[in-house]
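Student: I'd like to ask some things about the structure below.
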Amino acid sequence: MEYLKNKIITFLLFLIPLASYSQWSYTFTDPCTLNQQTIQMGSSNSIALNYFGNVQTFTQNDFTNGTFDSWMNLVTQANSSSPCQGVTQVIMNTSNTIAIQNTILVVTNVMSILGGEMLPKAISASAVPVAEAIDNAAGEEEENKKGSSKNQNSNNNSSSSESQNNTSSNTNQSSGGEGSSGGEGNSGEVTEEEETEGSANLSLANSISNAIDGGDADNKNRGSLIASGDIIVIDNRDNSNGQQLKVVGSITRANTEQNRIQGALFTFTSVTNDFSLTFYKSWINPNKTFNLVGANTTMTDFDQNHFNTTTALESWKWGKVTGMAGANFTFGKLGKRNLQNLSAVGGAHRNFRISPRITTSTLILGVYSPFTQYYEGKWWDPGVLIVPFSSWDIKITKTFKYNISFTGVWHSNGNALNYQILTGGKIRF
């Protein structure tokens, strides 16, 4: 019996050091997000927590005897004038960043199918719309044809008169042979006239085609269907997400008049496991001077966060620059709290042709939120987010382009929120 007792004591002493290495957890409700947070630590270790900018170190006993809960209540009371302000600011920056990034993806897709611009290259350098350019071209060709016909008839009459005078004395010539010869001559003139008319029609067709695609003869069928895919590397600077990968796929279609464009794109982002699906449509007015883009994005992380963003963006040509202005409205749930965010967007775009195979686009957008509701309402004090974007298209074949782009998000206070590099391809069908 004594032997068995000694064995049990030895076994318990052996378990004591193993117990000291076991993991211990504590779950509590975050008062800002209302999400359940779990703290995991070794039973003999301590952990440092940051709450409202206050950092305190706790042991396991502090969580069980109420020390941690008392500290949280004291910090919350001290910040009662602006509860969760830091959390709300991060939420605003995050939601605005996602909205503006989706806006850029939609804008670049619309520009891709329109040949690099937000408006079709259907306006000449003198800003004449395509319909008017076609009418003008047709009128000029008709006048040229009429003038050519009058000159041809005058020459034919003169030639006929001379021929009649020269052959009147030769009355014994065979009329059948004369008729045959004259028929051959008339046949030659008709063929030549048809060739001239065909050449004029071809010239008119080329004029119209060049007016539609801005003079690029290789782009006569531009704007039917484009599929694209990108891989984005994101380096976050303002939170614990670190580096992320985002996969983007899209398909965009334009009608033959290029005044209606529609498409869809999806994204998936690692670490946060965010998935989004966006449907968008573009309406170009008959004079092709304005382009209204509407988009709706649904995003979820398949856990606690779900929201929807509606975007309306108007663009117009201003010299060689395209101006843009619009608004985003986001609503949904982050954690167990409701989110509403209204933001205004403004910016400009211009593209450049580096070589016959390389084109580049420069886009800069700014987003400002006059109001955000999350835990508390915030008005007018979030600052402005600045998003520059540089895209480089390299033409590999007539239907495939390789793209590499650089962008980032900066806060007006001078802090960089993230940097991004995009690379992928575009296929035209």
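Student: I'd like the residue in the range 40-56 that is surrounded by 15 or more Cβ atoms within 10 Å (Cβ to Cβ) and among the hydrophobic types (A, V, I, L, M, F, W, C) and, out of all such residues, is modelled with the highest pLDDT.
Tutor: Quick first cut of the range 40-56, residues surrounded by 15 or more Cβ atoms within 10 Å (Cβ to Cβ) only: 41, 47, 51-52, 56.
This time we only want the ones that are among the hydrophobic types (A, V, I, L, M, F, W, C), so: 41, 47, 52.
Numbers: Met41: 71, Ile47: 81, Phe52: 64.
So the residue we want is Ile47.
Student: Of the residues Lys378, Lys401, only one is in a strand (DSSP E or B), over 30 Å from Asp30 (Cβ atoms) and not aliphatic (A, V, I, L, M); which? Step through it out loud before you land on a result.
Tutor: Numbers: Lys378 fails: over 30 Å from Asp30 (Cβ atoms).
It is Lys401.
Student: If you don't mind, there's one more thing I want to ask. So which pairs qualify, if the first residue must be in the range 331-358 and in contact (Cβ under 8 Å) with a residue 40 or more places away in the chain and surrounded by 14 or more Cβ atoms within 10 Å (Cβ to Cβ), the second must be of a type in the set (Asp, Glu) and in a loop (DSSP other than H, G, I, E, B), the Cβ gap must be under 7 Å, and the two must be at least 6 apart or on different chains?
Tutor: As it stands, the answer is Asn351/Glu117, since those pairs meet every condition given.
Rundown of residues vs (1) farther than 17 Å from Thr359 by Cα; (2) in contact with a His (Cβ under 7 Å, 6 or more places away or on another chain); (3) surrounded by 15 or more Cβ atoms within 10 Å (Cβ to Cβ); (4) in the same structural domain as Ile251 (by TED's automatic domain parsing), yes/no style:
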{"position": "Ser390", "(1), (2), (3), (4)": "no, no, no, yes"}
{"position": "Asp393", "(1), (2), (3), (4)": "no, no, yes, yes"}
{"position": "Phe400", "(1), (2), (3), (4)": "no, no, no, yes"}
{"position": "Asn403", "(1), (2), (3), (4)": "no, no, yes, yes"}
{"position": "Phe406", "(1), (2), (3), (4)": "no, no, no, yes"}
{"position": "His411", "(1), (2), (3), (4)": "yes, no, yes, yes"}
{"position": "Ala416", "(1), (2), (3), (4)": "yes, no, no, yes"}
{"position": "Tyr419", "(1), (2), (3), (4)": "yes, no, yes, yes"}
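Student: Can you give me the number of residues within the range 368-396 that are in contact with a Cys (Cβ under 8 Å, 6 or more places away or on another chain) and without any contact (Cβ under 8 Å) to a residue 12 or more places away in the chain?
Tutor: Adding up the residues that qualify gives 0.
Student: Another question about this same structure. Go through the range 286-317 and count every residue that is touching a residue at least 60 places away in the same chain (Cβ under 8 Å) and under 18 Å from Thr330 (Cα atoms).
Tutor: Going through the range 286-317 one residue at a time, the tally reaches 9.
Student: Residue check: is Phe302 within 27 Å of Ile232 (Cα to Cα), of a type in the set (A, V, I, L, M, F, W, C), exposed (fewer than 15 other Cβ atoms within 10 Å of the Cβ) and over 18 Å from the mean Cα position of the chain (by Cα)?
Tutor: Values: within 27 Å of Ile232 (Cα to Cα): yes; of a type in the set (A, V, I, L, M, F, W, C): yes; exposed (fewer than 15 other Cβ atoms within 10 Å of the Cβ): yes; over 18 Å from the mean Cα position of the chain (by Cα): yes.
Taking the combined requirement at face value, the residue satisfies it.
Student: With the checklist (1) touching a Leu at 6+ places or on another chain (Cβ under 7 Å); (2) closer than 22 Å to Ser343 by Cα; (3) assigned to a strand (DSSP E or B) in hand, flag the one item Ile231 doesn't pass.
Tutor: (2)
Student: Have a look at Thr33, Thr10, Thr59, Thr64 and point out the one that is closer than 30 Å to Tyr374 by Cα and either modelled with pLDDT of 65 or more or outside the structural domain of Tyr375 (by TED's automatic domain parsing) (or both).
Tutor: Working: Thr10 fails: closer than 30 Å to Tyr374 by Cα; Thr59 fails: closer than 30 Å to Tyr374 by Cα; Thr64 fails: closer than 30 Å to Tyr374 by Cα.
Answer to the check: Thr33.
Student: Considering only the range 265-345, give the strands (runs of 3 or more DSSP E) lying wholly within it that have at least 2 residues that are under 24 Å from Asp381 (Cβ atoms) and out of contact with any Gly (no Cβ under 9 Å at 6 or more places or on another chain).
Tutor: Working: elements: 274-284, 290-300, 306-318, 321-334.
Answer list for the range 265-345: 321-334.
Student: Which one of Gln89, Gln77 is modelled with pLDDT under 80, assigned to a helix (DSSP H, G or I) and more than 15 Å from Tyr375 (Cβ to Cβ)? So that I can check it myself, show each step before the final result.
Tutor: On the way: Gln89 fails: more than 15 Å from Tyr375 (Cβ to Cβ).
Every option except Gln77 fails the conditions.
Student: Here's another thing I want to ask about it. Scan (1) surrounded by fewer than 15 Cβ atoms within 10 Å (Cβ to Cβ); (2) assigned to a strand (DSSP E or B) for the single condition Val248 breaks and write down its number.
Tutor: (1)
Student: Moving on to the next point. With (1) assigned to a helix (DSSP H, G or I); (2) modelled with pLDDT under 80 as the list, and Ser126 as the residue in question, which single condition is left unmet?
Tutor: All conditions pass for Ser126, except number (1).
Student: Out of (1) under 19 Å from the mean Cα position of the chain (by Cα); (2) at pLDDT below 95, the odd one out for Thr297 is which?
Tutor: So Thr297 meets the others, but not (2).
Student: Six or more apart or on different chains, Cβ atoms under 8 Å: show the pairs whose first residue is in the range 239-261 and closer than 24 Å to Val90 by Cα and whose second is modelled with pLDDT under 90 and assigned to a strand (DSSP E or B).
Tutor: Gly242/Asn236; Gln243/Asn236; Gln244/Asn236
Student: Please work out which one of (1) surrounded by fewer than 20 Cβ atoms within 10 Å (Cβ to Cβ); (2) more than 30 Å from Val87 (Cα to Cα) is the condition Val293 fails and give its number.
Tutor: For Val293, the failing item is (1).
The values are calculated or read from the model by the stated rules, or taken from the named source; none is laboratory data. Keep in mind the model is a prediction, meaning the values are calculated, not measured. Cβ sites come from the backbone with ideal geometry, for glycine too, and all protein chains shown count toward neighbours.
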